[in-house]
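Enquirer: Dumping the structure here so I can ask a few things about it.
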Amino acid sequence: MTGGAGSTACFADYVVIGNPIAHSRSPAIHARFAADTAQDMRYAHLLAPLDGFAAAVREFIDQGGRGANVTVPFKLEAYALADQLTTRAKAAGAVNTLKFDNGVILGDNTDGVGLVSDIVRNAGFDLAHKKILLLGAGGAARGAVLPLLEERPAQLVIANRTVTKAEELVRQFQQYSEQPGILSACGFAQATQGFDLVINATSASLQAELPPLAAGAFGPAALAYDMMYGSQPTVFMQFAAAHGARVRDGLGMLVEQAAEAFFVWRGVRPHTDAVFAALRSQL
């Protein structure tokens, strides 16, 4: 198998493909989903060369592959490789899920719906008519905008260090907003109006840094959600908690986006509670 995956991917129906990839929890997640839903499927890691993503995918297809999760740094290449794109993949401009069917490569993006599922179902937080602040204007934020808009919030403000990038996202997604004025952009310092939900889609938590966010961003009984996760609360979560917000990390998003990919491939929607609890105990 191209990219050094060796026999681990040769006998798989599905893979998670990236570089690096050995750290991915996807095989364990999907093995549990398959067992819980009585699905006969085999899932493995696939390491693709940085300059050989498309070739690795096509070789996997030739060996009987039926689908793939795609992680860094290949989500844009997966978008370009797909023959067909779902609406949410087109909106995100990136693909994290590929389905191979009768010679056609379907590209999807389940990140945003995974985020929304975790917030609405697992955290019990209804997004309808809420004021939402989305921090960041990169790929993670881009994948979240459409699923958030579909929940019909009262307001969705995209804040970014470089405001022009946030404004670009607003222009791109304005067509998906049912009412004018729901979407807007600002800098971090201008986000002070007391939001119901604040989502950190920046990479700051990876460096244990805090976006330059005003304490006034958190409204009464606000939920602060960090897309990153770990064994300890992130700096963003600590800051939010200190200012009265309820906090949640992105582990549930990881599990829920995987469940959505599983549904895309198999047509069966797995339960996620047990997988989430198992992963949390391992952090």
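Enquirer: Can you tell me how many residues in region 175-193 are surrounded by fewer than 16 Cβ atoms within 10 Å (Cβ to Cβ) and in contact with a strand residue (DSSP E or B) (Cβ under 6 Å, 6 or more places away or on another chain)?
Expert: 1
Enquirer: Among the residues of region 224-236, which ones are touching a residue at least 24 places away in the same chain (Cβ under 8 Å), surrounded by fewer than 24 Cβ atoms within 10 Å (Cβ to Cβ) and in contact with an Asp or Glu (Cβ under 9 Å, 6 or more places away or on another chain)?
Expert: Once the filter is applied, which keeps residues that are touching a residue at least 24 places away in the same chain (Cβ under 8 Å), surrounded by fewer than 24 Cβ atoms within 10 Å (Cβ to Cβ) and in contact with an Asp or Glu (Cβ under 9 Å, 6 or more places away or on another chain), region 224-236 yields Met228, Tyr229, Gly230, Val235.
Enquirer: Do the conditions hold for Asp101, that is, is it within 29 Å of Trp265 (Cα to Cα) and either more than 16 Å from the chain's Cα centre (by Cα) or basic (Lys, Arg) (or both)?
Expert: Values: within 29 Å of Trp265 (Cα to Cα): yes; either more than 16 Å from the chain's Cα centre (by Cα) or basic (Lys, Arg) (or both): yes.
Against the criterion (within 29 Å of Trp265 (Cα to Cα) and either more than 16 Å from the chain's Cα centre (by Cα) or basic (Lys, Arg) (or both)), Asp101 qualifies.
Enquirer: Name the one entry in Ala241, Ala258 that is part of a helix (DSSP H, G or I), within 24 Å of Val145 (Cβ to Cβ), out of contact with any Phe, Trp or Tyr (no Cβ under 6 Å at 6 or more places or on another chain) and among the small types (Gly, Ala, Ser).
Expert: None of the other options fit; the residue is Ala258.
Enquirer: From the set of residues in region 145-172 that are among the basic types (Lys, Arg) and in a helix (DSSP H, G or I), which is surrounded by the most Cβ atoms within 10 Å (Cβ to Cβ)?
Expert: My answer is Lys165.
Residues are listed down the side, and each one gets a yes or a no for (1) out of contact with any helix residue (DSSP H, G or I) (no Cβ under 8 Å at 6 or more places or on another chain); (2) of a type outside the set (Asp, Glu); (3) in the same structural domain as Ser117 (by TED's automatic domain parsing); (4) within 28 Å of Ser26 (Cβ to Cβ):
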position	(1), (2), (3), (4)
Phe218	no, yes, yes, no
Leu223	no, yes, yes, yes
Ala240	yes, yes, yes, no
His243	no, yes, yes, no
Phe262	no, yes, no, yes
Trp265	yes, yes, no, yes
Arg269	no, yes, no, yes
Leu283	no, yes, no, yes
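Enquirer: Let me ask something additional. Considering only residues that are assigned to a loop (DSSP other than H, G, I, E, B) and either in contact with a Ser or Thr (Cβ under 6 Å, 6 or more places away or on another chain) or of a type in the set (Ser, Thr, Tyr) (or both), which ones fall in region 269-283?
Expert: Those that are assigned to a loop (DSSP other than H, G, I, E, B) and either in contact with a Ser or Thr (Cβ under 6 Å, 6 or more places away or on another chain) or of a type in the set (Ser, Thr, Tyr) (or both): Pro270, Thr272, Leu283.
Enquirer: Sticking with this structure for a sec: Identify the single condition in (1) at pLDDT 95 or above; (2) more than 28 Å from Lys90 (Cα to Cα); (3) within 21 Å of the chain's Cα centre (by Cα) that Glu168 does not satisfy, given that it satisfies every other one.
Expert: Among (1) at pLDDT 95 or above; (2) more than 28 Å from Lys90 (Cα to Cα); (3) within 21 Å of the chain's Cα centre (by Cα), the lone unmet condition for Glu168 is (2).
Enquirer: Still on this structure, I have one more. Have a look at Val198, Val116 and point out the one that is surrounded by 16 or more Cβ atoms within 10 Å (Cβ to Cβ), β-branched (Val, Ile, Thr), outside any strand (DSSP E or B) and in the same structural domain as Ala221 (by TED's automatic domain parsing). Even if it seems obvious, please write down each step before you answer.
Expert: Numbers: Val198 fails: outside any strand (DSSP E or B).
Criteria check complete, one pass: Val116.
Enquirer: Cβ-Cβ under 7 Å, sequence separation 6+ or interchain: first residue in region 255-272 and farther than 12 Å from Asp36 by Cβ, partner among the acidic types (Asp, Glu). Which pairs?
Expert: Every condition considered, the pairs that remain are Glu256/Asp118; Gln257/Asp111; Val264/Asp108.
The values are calculated or read from the model by the stated rules, or taken from the named source; none is laboratory data. Since the model is a prediction, treat every value here as computed from it, not as a measurement. Here Cβ is always computed from backbone atoms with ideal geometry, including for glycine, and neighbour counts include all displayed protein chains.
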